[in-house]
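Comments concern the structure below.
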Amino acid sequence: DSGVTQTPKHLITATGQRVTLRCSPRSGDLSVYWYQQSLDQGLQFLIQYYNGEERAKGNILERFSAQQFPDLHSELNLSSLELGDSALYFCASSVRTSGPSSYNEQFFGPGTRLTVL
Amino acid sequence: AQTVTQSQPEMSVQEAETVTLSCTYDTSENNYYLFWYKQPPSRQMILVIRQEAYKQQNATENRFSVNFQKAAKSFSLKISDSQLGDTAMYFCAFMKMGGATNKLIFGTGTLLAVQP
């Protein structure tokens, strides 16, 4: 158990609908990352938030948006869903490790499996 | 932009044998990290091993070790004494050191099957 929680575990919806995926980072982690894993695109970075502010954007569609709240949990909103949006969506949170080779180690949640019918 | 390439979509190894998974990457950065992540059937992403680009010594973690060739931009994973629990998808990943973001860039993965 990484300490990162994601809800729901599974989500089945129809094309054109809107869904919200939720992520709670590990206690004390300020950064949250969203990744999408699909058969077509592989595992790709979508967006990063740090302490409530957007830090970086990857290949995130305009139909998708995210935010990080004051309690540091994050939500990924997917709208006008298409069949191709079916994927496993991961959230990760990070903490800077200590020592001379410190870096931001990312801890992944269990993912939300989205199926668009 | 950085890219990560894993040219072996699937591999198979006998239990107790050794297997090597390949990864190459492309970057103009000098300081970065490389990782191998394991994704078992549960779909959880598990960090296996990490390598700092500025370190010449190859990282090892128990039965897992890497062969890091910075000039060749190659980063292979060796699994010794393979166990049934090693059956999983393995992803090679790149992270730039410093900068505004620490996003991971993943390869397409290698599906490893350990046969009894």
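The values are calculated or read from the model by the stated rules, or taken from the named source; none is laboratory data. Quantities reported herein were computed from a predicted structural model and do not represent experimental measurements. Cβ atoms come from the backbone with ideal geometry, glycine included; neighbour counts cover every protein chain shown. Side chains included, ligands, DNA and RNA excluded: accessible areas come from the protein's heavy atoms. Shrake-Rupley method; radii C 1.70, N 1.55, O 1.52, S 1.80 Å.
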**Asked** Could you work out Rg/(2.2 N^0.38 Å) for the range B:8-116, with Rg from alpha carbons only?
**Response** 1.05
**Request:** With a point put 7 Å past each Cα toward its Cβ, work out how far B:ILE46 is from B:SER80 in nm, to one decimal.
**Result:** 2.0
**Complete:** At q = 0.11, 0.14 1/Å the base-10 log of I(q)/I(0) from the Debye formula over the alpha-carbon atoms of chain A is -0.34, -0.54
**Residue order for A:HIS73, A:HIS10 - accessible surface, 1.4 angstrom probe, largest first** = A:HIS10, A:HIS73
**Message:** Restricting to Cα pairs below 8 Å that are 6+ residues apart, what does the relative contact order work out to for chain B? Please round to a whole percent.
**Reply:** 37
**Request:** Return a whole-number percent for the relative contact order of chain A, with Cα pairs under 8 Å and 6 or more residues apart as the contact set.
**Result:** 36
**Request:** Express in Å², to the nearest 10, the accessible area of A:ARG63 obtained by rolling a 1.4 Å probe over the protein heavy atoms while all chains stay in place.
**Result:** 50
**Fill in**
Quick numbers on the protein assembly as shown, Rg and Dmax over C-alpha atoms in Å, give 17.7, 52
**Complete:** Neighbours of A:THR7 by Cβ distance under 13 Å: Lys/Arg at +1, Asp/Glu at -1, summed charge +2
**Item:** Cα→Cβ-extended label distance, 7 Å offset, between A:ARG113 and B:GLN57, nm
**Value:** 4.2
**Request:** Whenever you get a sec, line up B:THR27, B:THR108 from highest to lowest accessible area (probe 1.4 Å, protein heavy atoms).
**Result:** B:THR108, B:THR27
